[in-house]
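Only one structure is covered here, and it is reproduced in the block below.
The values are calculated or read from the model by the stated rules, or taken from the named source; none is laboratory data. These numbers come from a predicted model, not from an experiment. Surface accessibility is based on the protein's heavy atoms, side chains included, excluding ligands, DNA and RNA. Shrake-Rupley method; radii C 1.70, N 1.55, O 1.52, S 1.80 Å.
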Amino acid sequence: MENWIKVEDKLPEKRKAVLVYAPEMNEPITTMYYDPDSDSAEFGEWVSEPSGPSRGGWSSLGARDVTHWMPLPKAPSGN
């Protein structure tokens, strides 16, 4: 499944979780959403919500830190 989309070509729907690729991060692939209306970034920002209890807080990247994104895969079905 190699469906990476360049952010310069298209951005995901506002506040819809997607996989992102940010080459300068220690872990360059993570789940975030794009918020073009962010008050804290001139061109919007990529945001990651806490993923569960004791998992840390919010994190964000500037719009220019992310180079590619792709939709999340479908959840597994069955047991």
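Of K14, K10, all but one fail to be open to solvent by 30 Å² or more (accessible area, probe 1.4 Å), modelled with pLDDT of 90 or more and assigned to a loop (DSSP other than H, G, I, E, B); the exception is K10.
Count of segment 37-58 residues, restricted to those that are open to solvent by 60 Å² or more (accessible area, probe 1.4 Å) and modelled with pLDDT of 65 or more, is 1.
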